[in-house]
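Worksheet: the structure to be examined is printed underneath.
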Amino acid sequence: MIRQLSERKLVREVGKNDSPGRPALYGTTDEFLRFFHLKSIAELPKLDEIDEERFRLAR
């Protein structure tokens, strides 16, 4: 999925995490904002508490 998003220029690698395996960190691009008709990523919906906790545990 990340490869497809990268190929479509919706995300790009922005760095590497210092955790074991040094996984890539990705960020959204201007193309992502245009594609989803957003002015900034602040317009994305907020994670509710359950999803936020699940996201934190998945790291």
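The values are calculated or read from the model by the stated rules, or taken from the named source; none is laboratory data. What you see is a predicted model, and the numbers here were worked out from it, not measured in a lab. We place every Cβ from the backbone using ideal geometry, glycine too, and count neighbours over all the protein chains shown. Accessible surface is based on the protein model in full, side chains and every heavy atom, while ligands, DNA and RNA are left aside. Shrake-Rupley method; radii C 1.70, N 1.55, O 1.52, S 1.80 Å.
Share of carbon and sulfur in the accessible area of the stretch 1-57 stands at 56%, probe radius 1.4 Å. For the chain, the square roots a ≥ b ≥ c of the C-alpha gyration tensor eigenvalues yield an a/c of 1.5 or more together with a/b not exceeding b/c, which makes the shape oblate. Per residue, the accessible area of the chain comes to 94 Å², computed with a 1.4 Å probe over protein heavy atoms only. Note on the chain: GNM, Cα springs under 10 Å; of Leu47, Leu38, Leu25, the largest mean-square fluctuation is that of Leu47.
For the chain, the mean residue ellipticity at 222 nm estimated from helices alone is -9500 deg cm²/dmol, where every DSSP H run of n ≥ 4 contributes -39500 (n - 2.57) and the total is divided by all residues, rounded to the nearest 500.
What you get for the chain, charging only the Cβ of Lys and Arg (+1) and of Asp and Glu (-1), is a dipole of about 300 debye around the Cα centre.
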